[in-house]
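I have placed the structure first, in the form of structure tokens, so that the comments after it can refer back to it.
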Amino acid sequence: MSIGNFPKAAGKPNLAVNIGGLRMKNPVTVASGTFGFGPEYAPYLDLNGLGAIVVKGITLLPRAGNTTPRLVETPAGVLNSIGLQNPGVERFIAEALPFLADFDLPVIVNMAGDTAQDYARLAEKLSRTPGVSALEVNISCPNVKKGGLQFGSDPASAAEVTRLVKESTQLPVIIKLSPNVTSIVAVAEKVAESGADALSLINTLLGMAIDIRTRRPVLGNILGGLSGPAVKPVALRAVWQVRQAVKLPIIGMGGITSATDAIEFLLAGATAVAVGSANFVNPRATMEVLEGIERYMLENCFHDISEISGLAHTQNTI
């Protein structure tokens, strides 16, 4: 993975990053919904190796999720229609969060709601909970007060949620942006103006699959979110464009399966990266990505991870 004839860096490079006030010892985390609450992957890797953990999405009340089938494999990806199945915030705090207290890593709680006020109430509740380090706000959710229009597809709605969450917490607020919009930059600019501390991008792309034998949609909910390697070029483009427009830390995600993928996101402007669907096929994908990033830095004489972030915007030749 070495580029050019640079001498190898001496000593261990600095991998620590700051995501809007959240300090991570390295830039590798996981995408919400692909890593459960942590115990599911603990047999396969030391969770302490992660820069942070982003838990499965939480809502105020328990949700049973969508009807089955909920998952279908696609070429170079997977469609999911889980429907935010989760135990609700009270059971998450009482039953899931204590497990993570034994590990030396920040806990980022992904949260979702049906109304802007739901987000504010969740933020207030989680802010009073020991062990929660930051909030990742999933705005790819239907706003029940606006006919089901996603918060993230309307810059004004996205800004309202951001403002209410910021007013309800002192924790770092990371807004997770949807790619299912006309301009992801316009949404990013609005949530930045409303006080977001950082951004996660991208969430899944809306898609579907049809079974030609039954002549019916495969997913019980008909539509689902596409993730995996197929979405990587779209995600990379989004990170590049948002980095040019908004000066906030970005957690880049979408189709990262290797260190090479992750480094592309860093070069495009991400401060950190999240591994998602790759965890399903390789439970140690995060550690392999982290090891590859460190190896790349040593081979190419980078001493600090910040030297890589956004470098493709300023470096035309090597």
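Every read-out reported here was derived from the displayed coordinates using simple, explicitly stated rules and does not represent laboratory data. None of these values were measured; they are calculated from a predicted model. Quick reminder, even Gly has a Cβ in these numbers, built from the backbone with ideal geometry, and neighbours come from all protein chains shown.
Based on alpha-carbon atoms only, what is the radius of gyration of region 219-308 relative to the globular estimate 2.2 N^0.38 Å?
On the way: Rg = 14.1 Å, N = 90, 2.2 N^0.38 = 12.2 Å.
Scaled against compact globular proteins, the figure is 1.16.
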If you compute Cα Rg over 2.2 N^0.38 Å for the structure shown, which of (1) 0.96; (2) 0.90; (3) 1.03 do you land on? (1)
Can you order the peptides 28-41, 179-192 by their average number of other Cβ atoms within 10 Å per residue, highest first? 28-41, 179-192
If you place +1 on the Cβ of every Lys and Arg and -1 on the Cβ of every Asp and Glu, how big does the dipole about the Cα centre of the chain come out, in debye to the nearest 20? 620 debye
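For region 17-120, give me the percentage of DSSP beta bridges that are antiparallel, rounded to the nearest 5 percent. Numbers along the way, then the final one.
Numbers: 8 of 12 bridges.
Expressed as a percentage, antiparallel bridges in region 17-120 total about 65.
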Karplus 3J(HN,Hα) series, Hz, for region 41-48 with 6.51 cos²θ - 1.76 cosθ + 1.60 (x for Gly, Pro): 10, 4, x, 10, 7, 7, 4, 4
Positive-end residue of LEU61, VAL17, SER194, charge dipole of the chain with Cβ unit charges: LEU61
Sequence order, region 100-111: Karplus ³J(HN,Hα) from phi using 6.51 cos²θ - 1.76 cosθ + 1.60, θ = phi - 60°, Hz rounded, Gly and Pro as x, gives 6, 5, 7, 10, 8, 7, x, 10, 9, 9, 7, 9
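Once every DSSP H run of n ≥ 4 in the chain is given -39500 (n - 2.57) and the sum is divided by its residues, what mean residue ellipticity at 222 nm do you get, rounded to the nearest 500 deg cm²/dmol?
Values: 9 runs with 87 residues, N = 318.
Helix-only estimate at 222 nm: -8000 deg cm²/dmol.
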Compute the long axis of helix 232-245 from its Cα atoms, compare it with the longest principal axis of the Cα atoms of the chain, and write down the angle in degrees, 0 to 90, nearest 10. 80 degrees
A correct Stokes-Einstein calculation for region 1-110, using the alpha-carbon Kirkwood radius, 25 °C and 0.890 mPa s, returns a whole-number D in µm² s⁻¹ of 149 µm²/s
Quick one: work out the % antiparallel among DSSP beta bridges in region 177-313, nearest 5. 50 percent
Kindly work out what percent of the DSSP beta bridges joining two residues of the chain are antiparallel, to the nearest 5. 40 percent
Nearest 10 degrees, 0 to 90: what angle lies between the long axis of helix 116-127 and the longest principal axis of the chain (Cα atoms)? 60 degrees
Sort all Cα-Cα distances of region 41-193 into consecutive 5 angstrom bins from zero, then give the percent of pairs in each bin up to the one containing the longest distance. 2, 9, 17, 19, 20, 17, 11, 5, 1
Pair THR74, ASP46: separation of 7 Å Cα→Cβ label points (nm): 3.8 nm
In order over region 190-201: 3J(HN,Hα) from phi, Karplus 6.51/-1.76/1.60, θ = phi - 60°, whole Hz, x for each Gly or Pro, gives 5, 6, 5, 4, 8, x, 4, 8, 6, 10, 10, 7
Between 0 and 90 degrees, rounded to the nearest ten: what's the tilt of helix 259-268 against the longest Cα principal axis of the chain? 90 degrees
